[in-house]
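Derivation of every value follows stated rules applied to the coordinates shown; laboratory data play no part. This structure is a prediction, so every number in the text was calculated from the model and none was measured. Counting neighbours? That spans all protein chains shown, and the Cβs are built from the backbone with ideal geometry, glycine included.
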Amino acid sequence: MAFMVTHLSRRALLGRAGILLGPVLLSRARWAAGEPAPLDVRGFGATGNGKTKDTRAIQDALDAAGRSGGTIQFPPGEYVSGTLRLRSRVTLRLAAGAALIASPDDGDFDPHEELGYDSFADRETTDFSFALLQGRGLQQVRIVGPGRIEGNRSRRGGPKPIALKQCGQIQIHDLTIENSPNYNISLLGCDGVDIAGVTIRNGYSDGIDPDCCRNVRIVNCRIESRDDAIVAKTSFALGVRRPTANLLVADCVLVNVRNALKLGTESVGDFRNIVFRNCAITARPEPWLPYPDTLKPQPSAGVSLETVDGGRLEQVRVSGITMEGVRAPIFVKLGRRGKGPPGSAASVLKGVSISDITATGAQWTSTITGVPGRPVEDISLSGIRITDKGGGRAENLTREVPEFETRYPDAAMYNDDLPAYGLYCRHVTGLRLDRIDLRLDKPDPRVAVLLDDVRKADLKAIVATPPADGASLFWLRSVRDCVISGSRPRAAARTFVRLSGAESAGVRLAGNDLSQVEQASMLDPEVTAAALRTERNVKRK
């Protein structure tokens, strides 16, 4: 079968995303004169009656198409099957009304693969054998609809619908996947993947997981998952450190229970040149889930960017995301979990831009955190609008926040126990906040923004609902070289900024509207007067 491969320029791929990804290979399959006609799986003995197992007939069709390249066609019907081994240069096409159904018998699938080395990851991440559509080392493979793949399970823990390992030039288009008990589309070490128009319904596990993959485009998909929706990983499943690079996720609708757009948790390799753009995220209530009441019914985070196993995370752009009912809109975490080969300690998280985010119904604080001695660097948030439920506890203002350096990273580690309701940043160098709008549905005694151990911060045009009971709008703890400008409380506030920590120095208030503020600043006893300078602020009359 002939594939027309287009090398898209960096700028053409991303439009106005503001990041250069590198060339991405997107296959476009077109029929050429003289190509063989599609092979109907019924011609190889498939029944499509929903009862007879058609594994052998479908595999025969795949093998026949693979000998010279071609298409196997599923006409309307229900085709029950165990593991099918895909072939290079083959298209698997499910017509409207056609369903490829995973056999209910686990014995009809290839057994889980034994790697022979420690992958430091779970079986869902590392296994690519126990699957319905399985492929490894293949080139030019297409799986297209408009038919569907039926996982045929009512709980997590069965075969993957699609599992591709070390493959190149992959298309998965216009397909529906339902009731999957495992990662719906699982990719490991693949290069040149185009996923478009895919619908995932009632996934019991992750939606789409590119792991150690390059040049991946995921667009115009709808994913309904009881776990994470789209998760890029860099696990040790290949036995070597590999990056995930040049990934674009755009124009997707995500309905999930845990994280919607995520990098990590597996993060042995690097993440580079990642774009999440123009996606809508909504919570999926699941009152039956076996979580404590504090974890239901809403997902952990809308955007979750994590590296905790030694990999670098850099050059990430997130923009144009709407969220409804997500507990923590933004979760950025550098940690030292070290679940990997030697040398998997805290690495680098830098060069992240998050812009044009609108989140309503938030319940947990958005966080950006490094670890002591290893700050996250060069982080920019702009055009962020978050409405929080409010109602936090005053005792959280004096609560010591654990570092959680080696813990599994998830927004649930902080829950709603932080001393800020809007944004909490700790161990950061190079922080830019611009046009941040923080609102509350009901009063909250916690501060709006708290910076702790932050260097080189520029806070501009921040408008926030002031805390109840007199807490400051901003709280800076051990902060050096920070400018707050063009900002104001949304209503009357007692204090604009509080400074704590003997290390605090070089803080400047410039051009802020303090007309509704009783006092511009409050310095804790250990802070010297020279640490703060004010100029051109509009003061209360």
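If packing is taken as the average count of other Cβ atoms within 10 Å, what order do 81-88, 183-190 fall into, highest mean first?
183-190, 81-88
If I stretch the segment between Ser154 and Val240 completely, what's the gain in nm (0.36 nm per residue apart, minus their alpha carbon distance), one decimal?
Numbers: separation 86, 0.36 × 86 = 30.96 nm, distance 3.47 nm.
Here the segment from Ser154 to Val240 would lengthen by 27.5 nm.
Roughly speaking, what % of Cα-Cα pairs in the chain are separated by over 36 Å, rounded to a whole number?
Tail of the P(r) past 36 Å holds 36 percent of the pairs.
In the structure shown, do any of Lys160/Lys262; Lys51/Lys165; Lys460/Lys539; Lys233/Lys339; Lys262/Lys389 have a Cα-Cα gap over 25 Å, and if so which?
Values: Lys160/Lys262 20 Å; Lys51/Lys165 30 Å; Lys460/Lys539 18 Å; Lys233/Lys339 13 Å; Lys262/Lys389 23 Å.
Listed pairs above 25 Å: Lys51/Lys165.
Give a quick list of trypsin sites (Lys or Arg not before Pro) in the range 359-460 that DSSP marks as loop, anything other than H, G, I, E or B, with at most 14 other Cβ atoms within 10 Å.
Sites meeting the loop and neighbour criteria: Arg393, Arg399, Arg407.
Where does helix 55-68 land angle-wise versus the long Cα axis of the chain, in degrees 0 to 90, nearest 10?
The angle comes out at about 90 degrees.
Residues with beta-carbon under 12 Å from that of Gly48, excluding Gly48: net charge, scoring Lys, Arg +1 and Asp, Glu -1?
Spelling it out: positives minus negatives among the neighbours equals 0.
Does the range 404-541 classify as rounded, prolate or oblate by the C-alpha gyration tensor (a ≥ b ≥ c root eigenvalues; a/c under 1.5 gives rounded; else a/b over b/c gives prolate, otherwise oblate)?
Oblate, since a/c reaches 1.5 and b/c is not below a/b.
Could you list Leu433, Leu349, Leu459 so that the one with the fewest beta carbons within 10 Å of its beta carbon is first and the one with the most is last?
In increasing order of surrounding Cβ atoms, one gets Leu433, Leu459, Leu349.
Fully extended, how many nm does the chain gain between Leu523 and Lys51 (0.36 nm per residue separation, minus their Cα-Cα distance)?
On the way: separation 472, 0.36 × 472 = 169.92 nm, distance 7.47 nm.
Fully extending the segment from Leu523 to Lys51 adds 162.5 nm.
If you bin the C-alpha pair distances of the range 162-208 every 5 Å from 0, what whole percents do you get?
Percent of pairs per bin, in order: 6, 21, 31, 23, 15, 3.
I need the peptides 125-132, 512-519 ranked by packing, meaning the mean over residues of other C-beta atoms within 10 angstrom, with the highest value on top.
Values: 125-132: 23.2, 512-519: 17.9.
Put in order of decreasing packing, that is 125-132, 512-519.
Return the distance in nm (one decimal) between the two label points of a simple spin-label model at Leu115 and Ala491, each offset 7 Å from Cα along Cα→Cβ.
That separation, rounded to one decimal, is 5.3 nm.
Explain nothing, just the number: relative contact order of the chain, from Cα pairs under 8 Å at least 6 residues apart, as a whole percent.
The normalised contact order for the chain reaches 7 percent.
Please give the peptides 39-46, 321-328 ranked by average Cβ packing (other Cβ atoms within 10 Å per residue), highest first, as a rough proxy for protection.
321-328, 39-46
Full-extension gain between Lys539 and Tyr408, please, as 0.36 nm times their residue separation minus the C-alpha to C-alpha distance.
42.6 nm
Please work out whether the range 135-197 counts as rounded, prolate or oblate from its C-alpha gyration tensor, where a ≥ b ≥ c are the square roots of the eigenvalues and a/c under 1.5 means rounded, while otherwise a/b larger than b/c means prolate and anything else oblate?
oblate
Return a whole-number percent for the relative contact order of the range 32-140, with Cα pairs under 8 Å and 6 or more residues apart as the contact set.
24
Between Ser515 and Asp122, take the C-beta separation as r, use R0 = 35 Å, and let me know the FRET efficiency to the nearest 0.05. Could you put the intermediate results ahead of the total?
Details: r = 55 Å, r/R0 = 1.58.
FRET efficiency, Ser515 to Asp122: 0.05.
Take the Cα of Asp481, step 7 Å along the line toward its Cβ, and report every residue of the range 439-454 whose backbone nitrogen sits under 17 Å from that point.
So the set is 452-454.
What does the charge add up to near Glu78, with Lys and Arg as +1, Asp and Glu as -1, over the other residues with Cβ less than 15 Å from its Cβ?
+1
Write down the Kirkwood hydrodynamic radius of the range 436-515, to one decimal in angstroms, obtained as one divided by the mean of 1/r over all alpha carbon pairs.
12.6
Take the Cα atoms of the range 99-243, build their convex hull, and give its volume per residue in Å³.
Hull volume over Cα atoms, normalised by residue count, gives 92 Å³.
To the nearest 500 deg cm²/dmol, what mean residue ellipticity at 222 nm is calculated for the chain from DSSP H runs of n ≥ 4 alone, each contributing -39,500 (n - 2.57), summed and divided by the residues?
Calculated mean residue ellipticity at 222 nm is -1000 deg cm²/dmol.
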